[in-house]
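These notes are about the structure you will find just below.
The values are calculated or read from the model by the stated rules, or taken from the named source; none is laboratory data. What you see is a predicted model, and the numbers here were worked out from it, not measured in a lab. Neighbour counts run over all protein chains shown; Cβ positions are idealised from the backbone, glycine included. Heads up: the accessible areas ignore ligands, DNA and RNA and are worked out on the full protein's heavy atoms, side chains in. Shrake-Rupley method; radii C 1.70, N 1.55, O 1.52, S 1.80 Å.
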Amino acid sequence: MPGTRNPAPAANLARTVVFAAFIAVLGIFPGLYIGGAAVPIVLQNMGPLLAGSILGARRGGAAVLLFVALVALGLPLLSGGRGGIAPFAGPSGGFVLGWIASAVVVGLIVQRAMPRPGLVTLLVANVAGVAVDYLVGIPYWGAFTGDIGSAAVQSLVFLPGDAVKLVAVSLVAVAVHRAVPTLGAPRSTATTGS
């Protein structure tokens, strides 16, 4: 019957686009280079964690993939107004690409605890997400500097800030999941029941 179509695909698309936009908005805050490091400390890496925490693996990953694609097309959405291929052809490119995997990993862990993931689950998921980003970003950084050991040591400066960010993201995600329990549920779960 016309007019009785399931609105879920449109809603899912809207959420994906909104989260991609949210990640872009976080880029307004400039990156902070500490100790001569080639990779800045940014708030923007909270976006992929939050996308995975709230939307789940598929939609969270899609939101980050959309954001990364827009950056690659030349939109200056990265911290500091960077865009195009140049950010990917430098030491921080691996961390940006790692955001996709980060959102997916966080989402997969959170989905296992649906419909109401608790704070511990979200903290574990976000620690895993940050770890995945480091696993992609540090070797990429090392490939550009020719010294993966130095890249690993320099990346230690990110740990305190990332710890604060992942706790903040987890607290926000807990509140969102309490308010809207089916938001990050896989489609089959979200569309069954009442």
With +1 on each Lys and Arg Cβ and -1 on each Asp and Glu Cβ, and nothing else charged, work out how big the dipole of the chain is about its Cα centre, in Debye to the nearest 20.
720 debye
How big, in percent, is the set of alpha carbon pairs in the chain lying more than 24 Å apart?
38 percent
Amide H contacts under 5 Å for ILE41, placed H, 5+ residues apart
LEU32, TYR33, ILE34
Output the 0 to 90 degree angle, nearest 10, between the alpha-carbon long axis of helix 159-179 and the longest principal axis computed from the alpha carbons of the chain.
10 degrees
What accessible area per residue, rounded to a whole number of Å², is obtained for the chain using a probe radius of 1.4 Å?
49 Å²
Around GLN44, under 14 Å between beta carbons, what's the net of Lys plus Arg minus Asp minus Glu among the other residues?
0
Give me the percent of the accessible area of the chain that comes from carbon and sulfur atoms, probe 1.4 Å, all protein chains in place.
72 percent
